[in-house]
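The values are calculated or read from the model by the stated rules, or taken from the named source; none is laboratory data. Everything numeric in this text was worked out from a predicted model, so none of it was measured. FYI the Cβ positions are ideal-geometry reconstructions off the backbone, even for glycines, and counts take in every protein chain you see. Just the protein is used for accessible areas: all its heavy atoms, side chains included, with ligands, DNA and RNA removed. Shrake-Rupley method; radii C 1.70, N 1.55, O 1.52, S 1.80 Å.
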Amino acid sequence: MTETNFERQKEEIEALTSIYGDDWLMISDHEYNIHITPENDQSHGVNLEIIFTDSYPKDGPPNYQISAPWLKGESRQKIENALNDVYLENLGESLIYLWVEKIRELVQETLETGNKSPSENVSSDEEFCFGDEDIRLAQNSRFVGHIATVLHVKQTKLMLSSLKENKKIAAATHNIYACRILKDEHGGHPTFYQMCEDDGENSCWIVDARNVMVVVTRWYGGVHLGPDRFKHINNCARILLDQHGFIRSKMKRKDQRVHQVGRKRKSKMLVESGLL
């Protein structure tokens, strides 16, 4: 009797739990996260989130997301290409173990060939450092933003944990963060989960973004910036959100409002005419 995808997924999950123990974390019935580190280097972790789909493994791969703020864009792309190759070489087979060990291998290779460590440089492809030269050089304060896609609340904790593996970030004066996650969008009226932690700075940013988390790390340079620090925190976050395409355009929002108004007017006309 041929096993169903669900049965094969169940067997694979049991095997992965046995192999990786506490590193294999259940998020929901079909979502799991594993923290991958190379040998003898616990400071360069990679979080791999796996979302099992109905078609996996027989007819397609699972969905996945990689989170590693220290990992540069080129190295990240190399990993994603390698995972695609592993899938193509093992069509219809269980992939997660092969993917995890391939990531571990490539992370080790990346570290040996010069991808800068977060302890050497806190800026990376998922980080944006903002502040004019006077603030960064003369007054020595520094603001660095970090961004990641988040689809549920548990991922926010994983992102913070991953960032604080970097000793410089963990020891910073402030780590201010905010997230906005789409919960439901029935009837054209979306509802969101929103969370904001100012770490004593009393400043959060609000934009029409969804499924994203931003952390702004601040290092105090010895000179009080006064209210200007809020400007730099917010600008750092906003520019980062804009660069990564998370801020929905004003035109798009206007088109949606016009569409909604048009639907209401049409419905009202149908009611008044007796057609509805």
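Rounded to the nearest 0.05, what FRET efficiency is calculated for E39 and L151 with R0 set to 45 Å and r the Cβ-Cβ distance? Please report the intermediate quantities before stating the final value.
Working: r = 30 Å, r/R0 = 0.68.
Plugging the Cβ-Cβ distance into 1/(1 + (r/R0)^6) gives 0.90.
Computed extension gain for Q65 through E112, at 0.36 nm per residue and net of the alpha carbon distance, reaches 14.5 nm. Ranking K183, K164, K102 from most to least accessible surface, computed with a 1.4 Å probe over the protein chains only, gives K183, K164, K102.
Which order do E7, E39 take when ranked by solvent-accessible area (1.4 Å probe, heavy atoms of all protein chains), largest first? List each step's numbers first, then the result.
Working: E7 80, E39 140 Å².
My answer, sorted largest first, is E39, E7.
Figure note: D29, D228 ranked by solvent-accessible area, largest first, 1.4 Å probe, ligands and nucleic acids not counted: D29, D228.
The label-point distance for T53 and I19, in a model that sets each label 7 Å from Cα toward Cβ, rounds to 2.1 nm.
With r as the distance between the Cβ atoms of V223 and E74 and R0 = 45 Å, compute the FRET efficiency 1/(1 + (r/R0)^6) and round to 0.05.
Numbers: r = 36 Å, r/R0 = 0.81.
So the FRET efficiency works out to roughly 0.80.
How charged is the neighbourhood of I13? Take every other residue with its Cβ under 12 Å from the Cβ of I13, and add Lys/Arg as +1 and Asp/Glu as -1. Present the calculation step by step, with values, prior to reporting the outcome.
On the way: positive: R8, K10; negative: E7, E11, E12, E14, D29, E31.
Local net charge: -4.
If you add up the charges near P57, with Lys and Arg at +1 and Asp and Glu at -1, over every other residue whose beta carbon is less than 9 angstrom from its beta carbon, what do you get? Here the charged neighbours net out to -1. Heavy-atom accessible area for D242, with the other protein chains in place and a 1.4 Å probe, reaches approximately 100 Å². Sequence-ordered 3J(HN,Hα) estimates for the range 81-98 from the Karplus curve with 6.51, -1.76 and 1.60 and θ = phi - 60° stand at 5, 5, 5, 5, 5, 4, 4, 5, 7, 9, 4, x, 9, 6, 10, 4, 4, 4 Hz, glycine and proline given as x.
For the range 40-76, the residues whose backbone nitrogen is under 13 Å from a point 7 Å from the Cα of N5, taken along Cα to Cβ, are 51-63.
Between A170 and L88, how high is the FRET efficiency from 1/(1 + (r/R0)^6) when r is the Cβ-Cβ distance and R₀ = 41 Å? Nearest 0.05. If you can, show how the numbers build up before the last one.
On the way: r = 39 Å, r/R0 = 0.96.
Once the sixth-power term is evaluated, E becomes 0.55.
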